[in-house]
Amino acid sequence: MSHCVIAYNGYLMLAPQGFDCTYVMLTPSELDDIKNVSFGSLTIDSQLYSDLTAYLLLSFFGGHVLGRLVKTMGRR
């Protein structure tokens with residue numbers, strides 16, 4: 001359980017319950033854990049990226065060709 005500590009008259013003391021804590025102090029290991037979790041969520045799977053890009057390009061060109069065919073058939 002975490003506690004909020006305040007500086008009062010030059011002394012550190014526990015804050016009363018419900019006190020709004022503005023700052024948080026972390027141990028170096030807690031900071032490393034937070035950094036690893038936050039950076040890990042930003043990794044992008046290269047295989048998923050290449051598959052998604054290929055599908056998007058294929059659908060773009062397929063839609064373009066289909067639109068041209070519909071436009072050509074509409075003239076006749």
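None of the figures in this text is laboratory data; all of them are computed from the coordinates on show. Computed from a predicted model, the values in this text were never measured in an experiment.
Quick look at the values:
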| quantity | calculated |
| --- | --- |
| Stokes-Einstein translational diffusion, the stretch 5-75 - Kirkwood Rh over all Cα pairs, 0.692 mPa s, 37 °C, in µm²/s | 178 |
| Principal-axis tilt of helix 28-40 within the chain, Cα atoms, nearest 10 degrees | 10 |
